[in-house]
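The values are calculated or read from the model by the stated rules, or taken from the named source; none is laboratory data. Remember, it's a predicted structure, so these values are computed and weren't measured experimentally. Backbone-built Cβ (ideal geometry, glycine too); neighbour counts: all protein chains shown.
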Amino acid sequence: MLKIYHNPRCSKSRQGLEILEQSGKDFEIIKYLEDIPSKKELTSVIELLGITPEQLVRKNEAIWKENYRGKQLSDEEIINAMIQHPKLIERPIVVDGKKAVIGRPPETIKTIL
């Protein structure tokens, strides 16, 4: 089943959700700011995306700029930062079994449907 890591306050995330709704496919909504992914789950999503943890970080967030920018961080430290501050996780992310995409732009989600 499809999963969308969703932030209802984000316009791109809402657009991504709309694309999923229009697809007619079943999917699960994970409001990751409330239901924070575990380290294992986040690591798995990063692997499915085929990116580094740092590539999943929203670098314009104040939390990143104030606490992490310019520091040499290991992948594990970056993942821990995203778990501690889930607002740092790029959104939306759509996962379908063994593949995943970041919905930026939201139309990218169509490649996984």
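Odds and ends about this structure:
- Filtered by the rule that a residue be in contact with a Pro (Cβ under 6 Å, 6 or more places away or on another chain) and part of a loop (DSSP other than H, G, I, E, B), the stretch 71-113 gives a lone residue, Gly103.
- Any pair with Cβ under 8 angstrom, 6 or more apart, that starts in the stretch 4-18 at a residue that is modelled with pLDDT of 95 or more and ends at one that is among the aromatic types (Phe, Trp, Tyr): Ile4/Phe27; Tyr5/Tyr32; His6/Tyr32; Asn7/Tyr32
- Considering residues of the stretch 53-70 that are in a loop (DSSP other than H, G, I, E, B) and of a type outside the set (S, T, N, Q) only, the residue surrounded by the fewest Cβ atoms within 10 Å (Cβ to Cβ): Gly70
Here's the yes/no breakdown for (1) more than 11 Å from the chain's Cα centre (by Cα); (2) of a type in the set (Ser, Thr, Tyr); (3) crowded, with 18+ Cβ neighbours inside 10 Å; (4) not in a loop (DSSP other than H, G, I, E, B):
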site	(1), (2), (3), (4)
Asn7	no, no, yes, no
Glu34	yes, no, no, no
Lys40	yes, no, no, yes
Glu47	yes, no, no, yes
Ile51	yes, no, no, no
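- For the stretch 18-27, the count of residues that are out of contact with any His (no Cβ under 9 Å at 6 or more places or on another chain), of a type in the set (Gly, Ala, Ser), farther than 22 Å from Leu113 by Cβ and surrounded by fewer than 18 Cβ atoms within 10 Å (Cβ to Cβ) is zero.
- Scanning the stretch 1-39 for residues that are of a type in the set (Lys, Arg), in contact with a helix residue (DSSP H, G or I) (Cβ under 9 Å, 6 or more places away or on another chain) and under 20 Å from His85 (Cα atoms) yields Lys12, Lys39.
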